[in-house]
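Below: the structure, in structure tokens.
Readers should treat all values here as calculations from the given coordinates under stated rules, not as data from a laboratory. These figures come from a predicted structure and were not determined experimentally. Using ideal geometry, Cβ is built from the backbone for each residue, glycine included, and neighbour counts are taken over all protein chains shown.
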Amino acid sequence: MKLVVTIERDEDGLYVAECPAIPGCVSQGKTREQALKNIQEAIALCLEVRRQEGLPLTSSSAWPT
């Protein structure tokens, strides 16, 4: 499964990564590379929790229509 990830720098200089297709799936890092690694781990954990809870893996509202 391929998912879109956004990475932006916040006011404190940290890189904040988000996966819009998975509500609440956000992470951060001191570098872009660290933020990307951290969001990959967060995505895996979020998907596992959603599977266990019987929730859809991704939010359909995150996809363009």
> Once label points are set 7 Å from the Cα along Cα→Cβ at both Val49 and Leu36, what is their separation, rounded to one decimal in nm?
Replying inline: 2.5
> If amide H atoms are built 1.01 Å from N in the plane of the peptide, which residues on other chains or at least 5 residues away come under 5 Å of the amide H of Ile22?
Replying inline: Ser59
>> With an 8 Å Cα cut-off and a minimum separation of 6 or more residues, compute the relative contact order for the chain in percent.
In response: 26
> Could you give the angle, 0 to 90 degrees to the nearest 10, between helix 32-52's Cα long axis and the longest principal axis of the Cα atoms of the chain?
Replying inline: 20
> Ignoring the sites themselves, what is the longest stretch of the chain with no GluC sites (Glu not before Pro) in a DSSP loop and at most 14 other beta-carbon atoms within 10 Å?
Replying inline: 12-52
>> Using helices alone, I'd like the mean residue ellipticity at 222 nm for the chain: each DSSP H run of four-plus residues gives -39500 (n - 2.57), total over residue count, nearest 500.
In response: -11000 deg cm²/dmol
> Which net charge results when you count Lys and Arg as +1 and Asp and Glu as -1 among the other residues whose beta-carbon is under 15 Å from that of Ala17?
Replying inline: -2
